[in-house]
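Below: one structure, written as structure tokens.
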Amino acid sequence: FDVNAKRRIIIADFLPKPNDPNFQAAVENVLSEILPGNKKNALVLFTSILSITKSHQALAPLFAKMNKLLLCQQIDGGMDSLVEMFRKKREACLLGCQVFWEGIDLPESALELLVIPKLPFPNPSNPLIAGLADKLKEKNENAFKSLYIPEALLELRQGLGRLIRSESDSGTALFLDNRLVREPYGKSFTRLWGFKHEVAHSEEELRKLLGL
């Protein structure tokens, strides 16, 4: 079946770039604006424990105030127990990283909104990645194009796969990383959905696109 016909892609381009010191605070602000009032089950896939922890701190009191379920990896339990609790609730939100990009199955209404704050580029300080990058440089190859982009594409495909697993699934994927539309290499990623995406240029536009 046509996966792209079952999912909607929205890219928010009004946040700072991920290397900006204000990016994390901007992510927390956007998540705080859209997730507590969201009527659909949402999964947020992070690329670092620090980011997920700070975002949880920002969201927890808002979800508690609305008496909605917020689950966070490393805080509320292991992957299996979190997924089981998440499947049983509606208007819930699950925050995860690492194994959550590829190891969970949330069919139909169990997941209808997927949020990816940052493209999943590999960590340059990872010894394996650093070693591979050094070998490419020795061959006068571009490590970013030959290693970092392909690795991020692989991880992104896995992450997007959480949203649409079968023909009965449908949903929205929201990206908060404006490099998708502002950097030339962004097309390497937007090609995954045939460049069929909507761009939110402000928080107000984003809320309208999400029907909030």
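What the table below lists for this structure:
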{"read-out": "Segment 196-206 - residue that is open to solvent by 50 Å² or more (accessible area, probe 1.4 Å) and at pLDDT 95 or above and, of those, nearest to Val3 (Cα to Cα)", "value": "His197"}
{"read-out": "Helices (runs of 4 or more DSSP H) within segment 116-192 that include 2 or more residues open to solvent by less than 30 Å² (accessible area, probe 1.4 Å)", "value": "127-138, 149-160, 186-190"}
{"read-out": "Qualifying residue in segment 3-17 (condition: touching a residue at least 40 places away in the same chain (Cβ under 8 Å), in a helix (DSSP H, G or I) and basic (Lys, Arg))", "value": "yes"}
{"read-out": "Of all residues in segment 49-89 being within 27 Å of Glu205 (Cβ to Cβ) and outside any helix (DSSP H, G or I), the one that is most open to solvent (accessible area, probe 1.4 Å)", "value": "Met66"}
{"read-out": "Selection from segment 13-32 of residues that are under 16 Å from the mean Cα position of the chain (by Cα), more than 13 Å from Asn178 (Cα to Cα) and not small (Gly, Ala, Ser)", "value": "Gln24, Glu28, Asn29, Val30, Leu31"}
{"read-out": "Count - residues of segment 26-48 that are assigned to a helix (DSSP H, G or I), more than 22 Å from Ala152 (Cβ to Cβ) and open to solvent by less than 60 Å² (accessible area, probe 1.4 Å)", "value": "3"}
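The values are calculated or read from the model by the stated rules, or taken from the named source; none is laboratory data. As the structure is a prediction and not an experimental result, all values here were calculated from the model. Glycine also receives a Cβ, built like all others from the backbone with ideal geometry; neighbour counts cover every protein chain displayed. In case anyone asks, the SASA skips ligands and DNA or RNA and just uses the protein heavy atoms, side chains included. Shrake-Rupley method; radii C 1.70, N 1.55, O 1.52, S 1.80 Å.
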